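Take a look at the structure below.
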Amino acid sequence: MALNPHLVFWTGALVDLGLIVGFMLRAVRQVRRGEVASHRRSMLTAASLVGFFLLAYLAKLAFLGREALSLWSSFY
């Protein structure tokens, strides 16, 4: 059984979101401890992951297109 490429993309996007939140929470702890340089690196990493998502989404639109919402149940 082949995986749906849209499902693979959105699974990766969810993992990316989890990493973004993790780095942001880590950055908050770091700045509270006065670790400004580490805080900066963590926030830059989180921002880079946001940029990665945006580029990946544009690539998804270019290669896979949008999801066919007309095929979804009205429940969703």
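The values are calculated or read from the model by the stated rules, or taken from the named source; none is laboratory data. All values derive from a computational prediction rather than experimental measurement. Please note: Cβ atoms are built from the backbone with ideal geometry, for glycine as well, and neighbour counts cover all protein chains shown. All accessible areas refer to the heavy atoms of the entire protein, side chains included, with ligands and DNA or RNA removed. Shrake-Rupley method; radii C 1.70, N 1.55, O 1.52, S 1.80 Å.
Which residues, taken from the stretch 9-30, are over 15 Å from S48 (Cα atoms), surrounded by fewer than 15 Cβ atoms within 10 Å (Cβ to Cβ) and over 8 Å from the mean Cα position of the chain (by Cα)?
W10, T11, L25, V28, R29
Looking at the stretch 66-76, is at least one residue modelled with pLDDT of 95 or more and either in a loop (DSSP other than H, G, I, E, B) or surrounded by 13 or more Cβ atoms within 10 Å (Cβ to Cβ) (or both)?
Checked against the condition, which is being modelled with pLDDT of 95 or more and either in a loop (DSSP other than H, G, I, E, B) or surrounded by 13 or more Cβ atoms within 10 Å (Cβ to Cβ) (or both), the stretch 66-76 yields no hits at all.
Tell me which of these F53 doesn't satisfy, since it passes every other one: (1) open to solvent by 40 Å² or more (accessible area, probe 1.4 Å); (2) touching a residue at least 12 places away in the same chain (Cβ under 8 Å); (3) farther than 25 Å from A68 by Cα.
The failed condition is (3).
Consider A37 carefully, then state whether it is assigned to a helix (DSSP H, G or I), open to solvent by 50 Å² or more (accessible area, probe 1.4 Å), among the small types (G, A, S) and at pLDDT 95 or above. I'd like the intermediate steps shown before the answer.
On the way: assigned to a helix (DSSP H, G or I): yes; open to solvent by 50 Å² or more (accessible area, probe 1.4 Å): yes; among the small types (G, A, S): yes; at pLDDT 95 or above: yes.
It is true that A37 is assigned to a helix (DSSP H, G or I), open to solvent by 50 Å² or more (accessible area, probe 1.4 Å), among the small types (G, A, S) and at pLDDT 95 or above.
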